[in-house]
Every structure is written in C-alpha cells, then in structure tokens.
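The values are calculated or read from the model by the stated rules, or taken from the named source; none is laboratory data. Here the structure is a predicted model, which means the values were calculated and not measured. Backbone-built Cβ (ideal geometry, glycine too); neighbour counts: all protein chains shown.
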Amino acid sequence: MTVGRTEPETSPPRERVPALHAEGLRRRFPVAGEEVEVLRGADLRAEAGEIVTITGRSGSGKTTLLTVLAGFDTPDEGTVTFHGRPAHGAPWWVCAVLPQALGLAEELTCAENVALPLRLRPGPTDGIEATVAAVLDEVGVAELADRYPAELSFGQQQRVALARAVALRPSVLLVDEPTAHLDSASTNAVLTLLRRVADEGTAVVAVTHDPAVREVADRGLRLDSGVLLAG
C-alpha cells in the first residue's frame, strides 16, 4: 500500500497589529438647531515606524479627528485602539499629543515643562535632565531651557511642546500643524525629529497643510466629507 506524503499543517500568517487603528469614527455636533456630522465613518491605520499625514480643507474636521484619536473627545460611533487594545484603557504615556493649543504650564520653565511627563510616568527617573537637554537641543531651543513660556514666541513654545511630547518616547504621536509657525530652519529641525522618532518605532500622525511635512511622510491621507481617502 502506498502512503501519500502528508504535508504539515501551517497556520495562516497573523495580521500585524497596528500601533494605531481607528475604525468607523463618527462625530456629530449640534449647530444652529441642526446636527452636523463632521466625521462620517473615518478609518485610519498607522503602523509603528511610519509617518502618516492628514490633509484637507480648513473646517473639514482634521482637528476633530485628532482630538478623537487622542481621547480628548468621544466619538458617537467607532473605535480607537493602540496596539490592539482600546485607547481609553491605555496608559496615558502611550499616546503623546502636540495640539494647536499647546498647554504649556506657565509657572514652569521650558525644561521643567519637558521634564514634567517624564517625572509623572511610573519608573526610574535617572537621566531625565539629560533627556530634556538633548531633545530641547534637537528642536533648536536649548538656550531657552530656563525661560518661561511667556518669554517665548509662539513658534518657540511650539517646539518646546513638541520636545515635551517626544521625550516620552510614545508608541503613538499625534501632531496638529507642527510647522505652522516656524521658519525654514526650525521646520527642518522639527521634520528631522519627527522622522527620527518614527524610525525608532513611533507611529506619527500629522495633521498639516505644509508640503514639507508631506515630503517626509510615508503615506498621505485626505479628509473629505468626513472620511479619510488616500492621497
């Protein structure tokens, strides 16, 4: 009797879990007695190590989308996960945000602002000063470390706020118009920093109107009529 060869059973490859996955996001707001739907089933997937830009006309809902992704606002429908786990249950340091309203603590120096989340996060505090100094230098504001936010221009404050976000080495970094108030040299420093943190494994999602940001990105999406489209 001839016995045929039995091929070993193989399991299908497991799908890679993205750092950030948003699915079916809907967000509605009451306006003048009517309900306006800003997000209409937006889907977004961002892998660890990539930069994804989101563009769209002013008022299209880009900032609304970012606040929902960050957990600052709750969608009417849809889900957001970080590495496959619900975003609302993730530790706060998993996702860092650079909002348009920067939120720097006025009573703290620039260095203290950057150090604050590092001191609040559980774990050892060794090396915080070195980390703060390095990231402030990377965005070109090292000489401002001992100044207070009120003594800085808005563009300088923006770079300090970005330094505060990336110092955490988050899994997900959400940035809203990160180069809007910067000159070309400062823009280059910020783009170099965003590329570095992505190359080190962070998923970066950037809302932007700046072509320079799109040039360093791995993918670009466009928010149109409440949904995200390629391009």
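Number of residues in the range 96-138 that are touching a helix residue (DSSP H, G or I) at 6+ places or on another chain (Cβ under 6 Å) and either at pLDDT 95 or above or under 15 Å from A161 (Cβ atoms) (or both): the value is 19. Would you please name the residue that is nearest to W93 (Cα to Cα), looking only at residues in the range 139-158 that are among the hydrophobic types (A, V, I, L, M, F, W, C) and in contact with a helix residue (DSSP H, G or I) (Cβ under 8 Å, 6 or more places away or on another chain)? The selected residue is V139. Being more than 14 Å from E47 (Cα to Cα), modelled with pLDDT under 95 and touching a helix residue (DSSP H, G or I) at 6+ places or on another chain (Cβ under 7 Å) is the requirement here; does H209 meet it? Taking the combined requirement at face value, the residue does not satisfy it. Scan the range 67-111 for residues that are of a type in the set (A, V, I, L, M, F, W, C) and more than 22 Å from V141 (Cβ to Cβ) and the total you get is 12. Within the range 213-231, being farther than 20 Å from A22 by Cβ and touching a helix residue (DSSP H, G or I) at 6+ places or on another chain (Cβ under 6 Å) holds for one residue alone: V216.
The number of residues in the range 57-72 that are of a type in the set (D, E, K, R) and either buried (at least 17 other Cβ atoms within 10 Å of the Cβ) or modelled with pLDDT of 95 or more (or both) comes to 1.
For beta carbons closer than 8 Å, sequence separation of 6+ or different chains, a first residue in the range 147-167 that is farther than 18 Å from V132 by Cα and a second that is of a type in the set (G, A, S), the qualifying pairs are G155/S186. Those strands (runs of 3 or more DSSP E) of the range 24-106 in which at least 1 residues are of a type in the set (D, E) and free of Cβ contacts under 8 Å to residues at least 60 places away in the same chain, considering only elements entirely within it, cover 34-46, 77-82. For E129, the criteria (1) part of a loop (DSSP other than H, G, I, E, B); (2) over 21 Å from the mean Cα position of the chain (by Cα) hold in every case but one, which is (1).
Here the condition is being among the basic types (K, R), under 26 Å from P170 (Cβ atoms) and modelled with pLDDT of 90 or more; of R28, R85, R40, R16, it holds for R85 alone.
Of the residues screened, E47 is not one that is more than 17 Å from the chain's Cα centre (by Cα) and either among the acidic types (D, E) or surrounded by 13 or more Cβ atoms within 10 Å (Cβ to Cβ) (or both).
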